[in-house]
Amino acid sequence: MSVLERTIRIGAGTGLRVDSILSAALIAEAVSPSSELWLVSPWITDVQVLDNSQGAYDSFFGDVPPLDWRLSEALIHIASRESRVHVVARPDAHNAPFLRRLESSPQQDSIRIVLNPDVHEKTLCGDNWILTGSMNYTVRGMAVNDESVTYKVGGPDASQARLDLRQRWGAGA
């Protein structure tokens, strides 16, 4: 199996952002979901993960396309497609609005939230891909702070990460 890998250094200084990689990964998950999806980040906000203001994704969304797609909406949609979504974050007031959206969704039974005061890892991982690095899933993490993230498709990294994440935070019922 071939491995595709890209590392980018994002931030205000480089002018680079992670948006296109994150959008591509989440759209792929929405179309063909992984059996389980892990989002691990100490701090998470309901960041925009897809900009549809120009209508580029209207056919993907159907009859009433949104202007943007938020992280919570993407995860809820993926959970609705029979994927088990795991979110690991710190028990911090900053994360509460995002986590409440997940907890109050119609897909809450397919979304498992783990609060851990010591989590520092930043990873988004599906069955065959992983996005990992120093970036929190916040506006500052995705567009302002100097961060490094690696997106890898194929190879053993995603499988190993999921095994490690299950061992650390359990797969839940």
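Can you tell me the FRET efficiency between LEU67 and ASN116 if r is taken as the Cβ-Cβ distance and R0 is 25 Å, rounded to the nearest 0.05?
Efficiency, rounded to the nearest 0.05: 0.15.
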Cα centre as origin, Lys/Arg/Asp/Glu Cβ charges: the chain dipole, Debye: 340
Selected from TYR151, TYR137, TYR57 as most flexible by GNM, with the chain as the system and alpha-carbon contacts under 10 Å: TYR57
Over the chain, relative contact order from alpha-carbon pairs under 8 Å, at least 6 apart, %: 33
Sulfur and carbon atoms: percent of accessible area, the range 122-169 [1.4 Å]: 51
Residue among ALA56, ALA25, ALA12 with the largest mean-square fluctuation in a Gaussian network model of the chain, springs linking Cα atoms under 10 Å: ALA56
Computed lengthening from SER59 to ARG100, 0.36 nm per intervening residue step minus Cα-Cα distance: 11.8 nm
Label-point gap, in nm, between SER32 and THR14 - each point 7 angstrom along Cα→Cβ: 2.8
Mean Kyte hydropathy of 1.6 or more with a Cα span along the axis of at least 24 Å, helices from DSSP in the chain: none
Volume in Å³ per residue [convex hull over Cα atoms, computed for the range 118-158]: 75
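The values are calculated or read from the model by the stated rules, or taken from the named source; none is laboratory data. A quick note: this is a predicted structure, and the numbers were derived from the prediction, not measured. Note that we place each Cβ from the backbone using ideal geometry, even for glycine, and neighbour counts take in every protein chain shown. Calculation scope for accessible area: heavy atoms of the full protein, side chains included, ligands and nucleic acids excluded. Shrake-Rupley method; radii C 1.70, N 1.55, O 1.52, S 1.80 Å.
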